[in-house]
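Here is the structure we will look at.
The values are calculated or read from the model by the stated rules, or taken from the named source; none is laboratory data. Everything numeric in this text was worked out from a predicted model, so none of it was measured. Backbone-built Cβ (ideal geometry, glycine too); neighbour counts: all protein chains shown.
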Amino acid sequence: MAVVDREGLVTGANPALGELLGSTPRELAGTIAADLVDLTSDARTWHAYREVLRGRQARLRCTRRLKHPDGHCLWVQVSVAPLPAEECGGVLLSVADISARRELQARLRHLQNHDPVTRLPNRTLFFERLSAGLEAEAYEEGTGRIGLCYLDLDGFKAVNDTLGHRVGDRLLAAVAERLTRCADEAGYARASTPLVARLGGDEFALLVEDSTGTEQLADLAESVLTALQAPFDISGRRLSVSASIGVVERHAAGTSPTALMQAADTTLYWAKADGKDRWTLFDPERNAHRMTRQALASTLRPAIERGEFVLEYQPLVCMEDGRLRGVEALVRWNHPQFGLLTPNRFIGLAEEDGSIVPLGRWVLATACRQARRWQLAHPDEPPIFVSVNVAVRQVWDSDLVADVARILAETELAPHLLQLELTESAVMGSGGRPQQALQALSDMGVRIAIDDFGTGYSNLAYLSRLPVSVLKLDGSFVKGFQYDGEGIAPNPADEVVVEAMIQLAHRLGLTVTAECVETSAQASRLRRIGCDTGQGWLYSRPVTPDRISELLRSPGVQAAARNS
């Protein structure tokens, strides 16, 4: 402690203060107190100190870093309080050494902000640096850009599971050393070195502030992949891991930590999905497609309930006389945001989340109801059948036989006027429940068609085992029947293959439908080799139920299509 007069001079000090400042009480007497404890370097503190000296402020407390005469530094807490006027009218200066406490606090802060396994900055410190780097004052003077390599180790879980967490932790520490070396090399001769952090588990991040562009980030990601290629010697074992890296680089302005991390996480997922051991750059178009896919997936089930789906019908035409024999029901999603969507945009999603079951049930009921309406509206015409696509999951996850029986009963449609289309992959190896379901449907009188025949397994054995009625030849065979855009003649082998398949089908008692018939020449050749029915733009695109009614009244679909 020291007593300081109103002029700011030390009038007396105790030995403890002298020892703390490397002096003696005698030497301290008469010195300027503010200089002893550095109260002049900070304008606010200096003003408050003078206010206490003048009796206008009751107290001052602050922390200062002082340099001892022997060279070491120490942290002190300085308190200044007025003394009673009857004593001396000055102030009492108290100085407490808090160096040990500050050192402990610094160690605790370091532990709080660093990973104990790798000694790298942890998630907390990383996000502090990321948030600070996205503040306007941080990037206004530099390039104004920021980059991030977000990586995940491939195969690390297997190391942890088989060799234990101790070996896993040593491997993480070794990976951290290599990442730090990559960052140091990337920062050489640059304004700053990328920050390497462990975000948790086997996830790491390299943050590049003042990025110079995607090329810099690509080089950094490539150097990380190269650094991790060499095996690691851990506890007498040689271990190998690789990394999948998501790379994001963009303007810092308008970017938030959340947006940057979401983009990095998405890109890391792409790197893994594309085969691992690689880096992938964020692609806005690919991300927009993913977002659209997520939006569709999240609204699929409610859309069924809201009645957003509609059916269009494509004619199935007799090759011999050109008359309409049936239609294929094709579902469309009339999405309020994305417009009219074709099945390739949502059927895969519906199969993934199981909504294909209620959607398929709706399609089946709607198509059968419409087929019955046509039959009643055109009593003088032979009734046309309706063909409905059935997904694999519908056979496994629903009581398809009961659904079909109920719908046929409710709509009063004859079973032979319903055709169910399944892909080769859906019926290949069918046994147990699927085969029993198909047999029960066939026994009911429903026709079973194999869609896109010839593109999948093409295992002919199942044609004799399963109750198949119709083969639908994939359009790729039919396209081989026409001249291409450069005038090259069709391959005669295509016609031989198709003719052989048609003859085989006929010998097995099956009928054959050719898909993607687009020209009269194709239709003529298919008719000559015995194909039963055709489907394609030569006859009609998928159309509304009203257009099918018009075709029913015409002498031939092809002629009606020409006249429409």
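Tabulated results
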| item | result |
| --- | --- |
| Restricting segment 457-500 to residues that are among the small types (G, A, S) and part of a helix (DSSP H, G or I), the residue that is modelled with the lowest pLDDT | A461 |
| Residue count, segment 376-391 (criterion: closer than 17 Å to V317 by Cα, over 42 Å from the mean Cα position of the chain (by Cα) and not in a loop (DSSP other than H, G, I, E, B)) | 1 |
| Number of the exception - E249 against (1) assigned to a helix (DSSP H, G or I); (2) farther than 23 Å from E177 by Cα | (1) |
| Criterion violated by G322 - all others in (1) modelled with pLDDT of 90 or more; (2) under 22 Å from T519 (Cβ atoms); (3) not acidic (D, E) satisfied | (1) |
| Tally, over segment 525-534, of residues that are touching a strand residue (DSSP E or B) at 6+ places or on another chain (Cβ under 6 Å) and within 16 Å of A500 (Cα to Cα) | 3 |
| Pairs where the first residue, in segment 28-51, is within 20 Å of M1 (Cβ to Cβ) and the second is β-branched (V, I, T) and in a helix (DSSP H, G or I), C-beta under 8 Å, 6+ apart | L39/T45 |
| Residue under evaluation Q394, criteria (1) modelled with pLDDT of 90 or more; (2) assigned to a helix (DSSP H, G or I); (3) touching a Gly at 6+ places or on another chain (Cβ under 8 Å), criterion not met | (1) |
| Filter pass, R306 being of a type in the set (K, R) and surrounded by fewer than 16 Cβ atoms within 10 Å (Cβ to Cβ) | yes |
| Only listed residue being surrounded by 17 or more Cβ atoms within 10 Å (Cβ to Cβ), modelled with pLDDT of 80 or more and either among the aromatic types (F, W, Y) or out of contact with any strand residue (DSSP E or B) (no Cβ under 7 Å at 6 or more places or on another chain) (or both), chosen from Q522, Q436, Q503, Q419 | Q522 |
| Unique match (being out of contact with any strand residue (DSSP E or B) (no Cβ under 7 Å at 6 or more places or on another chain) and closer than 23 Å to G142 by Cβ) among S211, S223 | S223 |
| Unmet criterion (only one of (1) in a helix (DSSP H, G or I); (2) surrounded by 19 or more Cβ atoms within 10 Å (Cβ to Cβ); (3) out of contact with any Lys or Arg (no Cβ under 9 Å at 6 or more places or on another chain)) for A350 | (3) |
| Yes/no for E51 being more than 26 Å from E103 (Cβ to Cβ), among the acidic types (D, E), modelled with pLDDT under 90 and touching a strand residue (DSSP E or B) at 6+ places or on another chain (Cβ under 9 Å) | no |
| Among residues of segment 503-528, those that are outside any helix (DSSP H, G or I) and farther than 17 Å from F453 by Cβ, counted | 2 |
| Total residues in segment 162-199, condition part of a loop (DSSP other than H, G, I, E, B), touching a residue at least 12 places away in the same chain (Cβ under 8 Å) and either farther than 18 Å from A221 by Cα or not assigned by TED's automatic domain parsing to the domain that holds Y150 (or both) | 1 |
| For L551: the one exception among (1) out of contact with any Gly (no Cβ under 6 Å at 6 or more places or on another chain); (2) in a helix (DSSP H, G or I); (3) at pLDDT below 80 | (3) |
| Among residues of segment 266-297, those that are within 16 Å of L217 (Cβ to Cβ) and either at pLDDT below 90 or in a helix (DSSP H, G or I) (or both), counted | 7 |
| Residue count, segment 198-243 (criterion: surrounded by fewer than 18 Cβ atoms within 10 Å (Cβ to Cβ) and either β-branched (V, I, T) or at positive phi (or both)) | 8 |
| Segment 506-519: number of residues that are polar (S, T, N, Q) and in contact with a strand residue (DSSP E or B) (Cβ under 6 Å, 6 or more places away or on another chain) | 2 |
| Residue list for segment 181-192, restricted to those being over 19 Å from R250 (Cβ atoms) and either of a type in the set (D, E) or crowded, with 16+ Cβ neighbours inside 10 Å (or both) | C182, A183, D184, E185 |
| Positions within segment 124-161 being over 25 Å from R238 (Cα atoms), touching a Gly at 6+ places or on another chain (Cβ under 6 Å) and not in a strand (DSSP E or B), in sequence order | none |
| Residue that is farthest from I98 (Cα to Cα), among those in segment 69-83 that are touching a residue at least 40 places away in the same chain (Cβ under 8 Å) and surrounded by fewer than 16 Cβ atoms within 10 Å (Cβ to Cβ) | L83 |
